[in-house]
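The values are calculated or read from the model by the stated rules, or taken from the named source; none is laboratory data. These figures come from a predicted structure and were not determined experimentally. Cβ placement follows ideal geometry from the backbone for every residue including glycine, while neighbour counts extend to all protein chains displayed.
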Amino acid sequence: MLSRRAFLSSGGLALLATGVGGVPSFLTRAASATPSALFRRRKVLVTVFQRGAMDGLAAVQPLSDPHLARLRPTLALDPQRQLLDLDGRYGLHPALSPFADLYREGRLGVVHGVGSPVATRSHFDAQDFMETGRPGDKRADTGWLNRATGLLGHEPATPFQAVALTPALPLSLRGQAPALAVAKLEDFGVLAPGALAATGESLEALYAETAGDLLSDAGREGLDAARLLDEARLDRYRPENGAEYPRSELGESLRQIAQLVKADVGLEVAFAEAGGWDTHARQGSDTGSFARRAADLARSVAAFWTDLERFQDDVVVLTMTEFGRTVAENGTGGTDHGRASAMFVLGNAVCGGEVHGQPLALDPDALEDGRDLPVTTDFRALFAGVAGPHLGIATGDALFPGWSGQPIEIVRS
């Protein structure tokens, strides 16, 4: 028979800090949450961090820049035969073709020239600056998504309000507001597969000795939320509308975020990530390492969007990457660490069908340090322009301490 100790430490519960009397802290929070707080449908912001620095110039390429073919003799795509024309000015990489229809429907927007106002070619520093939302401050230890969660003002929060589908909590979600990191939902549910059958006890009985008054009406609602999560296990889940997720880290993460949205357990901020964007060598043009990563990104996001058709009005997807790549290719068929990149925003309220930001100029005299796309949109202006109107939160100093810029208008409130 499975012991109570084994049951409580199995699966994802072992990832959580415990509360009073050894009770998992997410149950303590759930017990104080009212039923309406747990099950009211809310707006959801889904963020995807492309770690390694995506080449924004490869993702969304100018169609007629006279310098590009010279600077990228093997990487530049043919505007007539390979690129997917977006607006007569820019073309989409063919591996990102699932994004093309979303763009033409006016649901997907592109922001070019996005990056940090503080120049660094360190992946670690640049990722930290972007996740904390405090560029240049190496002492910052709280994330902008955690602050966004705190600004939602829902008291008390549901235990699943902010969730990262990652093995460890990312810096973006660290801070005062509660947040969870869950690598696999089927390893997290309170009702681990076969657990109750093995113990022969009810869930309430398992917690009777330690939970005490937790199993009040409100506490039971919290446990109901955990049951809903368990009932959405991957082995039972079937995506809707013919959505087909790639069998990749990102595809699985977005599939599970879709489960949380549909389970209606109070999710409002979600985080996923995908590595492999550091294309120093053999980057490729229409095929190669960049194309593989781009195809996975677009197919994963498109499947997620298709799967969530009933919930699309409630969801916005935001991509981010720590910096871009050099404009000129290097001697090994790749690109090195640069400055600005491109980011994507998807949602029914997004000002889509448009490439936002200042026009790109690839004349070497216009490049930063003669090699990089200059940052013309502070990433905080983009993040605030998405999170503010979509989540209905303040976007000033409380979200990004020390920042006094203006959010860009990319999401209609």
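Residue 408 meets the stated requirement of being in contact with a strand residue (DSSP E or B) (Cβ under 8 Å, 6 or more places away or on another chain), at pLDDT 95 or above, under 22 Å from residue 348 (Cα atoms) and not in a helix (DSSP H, G or I).
Taking the conditions exactly as written (in the same structural domain as residue 100 (by TED's automatic domain parsing) and farther than 30 Å from residue 262 by Cβ), does residue 358 satisfy them or not?
On the way: in the same structural domain as residue 100 (by TED's automatic domain parsing): yes; farther than 30 Å from residue 262 by Cβ: yes.
Criteria met by residue 358.
Looking only at strands (runs of 3 or more DSSP E) that lie completely in region 56-149, which have at least 1 residues being in the same structural domain as residue 284 (by TED's automatic domain parsing), in contact (Cβ under 8 Å) with a residue 40 or more places away in the chain and under 24 Å from residue 282 (Cβ atoms)?
60-62
Residues in region 334-348: is at least one in contact (Cβ under 8 Å) with a residue 12 or more places away in the chain and out of contact with any strand residue (DSSP E or B) (no Cβ under 9 Å at 6 or more places or on another chain)? So far as region 334-348 goes, no, none of its residues is in contact (Cβ under 8 Å) with a residue 12 or more places away in the chain and out of contact with any strand residue (DSSP E or B) (no Cβ under 9 Å at 6 or more places or on another chain).
Annotation for region 351-360: no member residue is assigned to a helix (DSSP H, G or I) and either in contact (Cβ under 8 Å) with a residue 12 or more places away in the chain or under 26 Å from residue 270 (Cα atoms) (or both).
Taking the listed residues 344, 323, the one that is assigned by TED's automatic domain parsing to the domain that holds residue 121, under 20 Å from residue 124 (Cβ atoms), of a type in the set (A, V, I, L, M, F, W, C) and within 26 Å of the chain's Cα centre (by Cα) is 323, with no other qualifying. A single entry from 383, 400 fulfils the requirement of being out of contact with any Leu (no Cβ under 9 Å at 6 or more places or on another chain), at pLDDT 95 or above and surrounded by 19 or more Cβ atoms within 10 Å (Cβ to Cβ): 400. Among the conditions (1) surrounded by 18 or more Cβ atoms within 10 Å (Cβ to Cβ); (2) part of a helix (DSSP H, G or I), the only one that residue 159 does not satisfy is (2). Looking across region 272-297, just one residue is under 12 Å from residue 53 (Cα atoms) and β-branched (Val, Ile, Thr), and that is 279.
Filtering region 367-391 to residues that are hydrophobic (A, V, I, L, M, F, W, C), more than 30 Å from residue 314 (Cα to Cα) and touching a helix residue (DSSP H, G or I) at 6+ places or on another chain (Cβ under 9 Å) leaves only 373. Taken together, the residues in region 273-298 that are in a helix (DSSP H, G or I) and buried (at least 22 other Cβ atoms within 10 Å of the Cβ) amount to 5.
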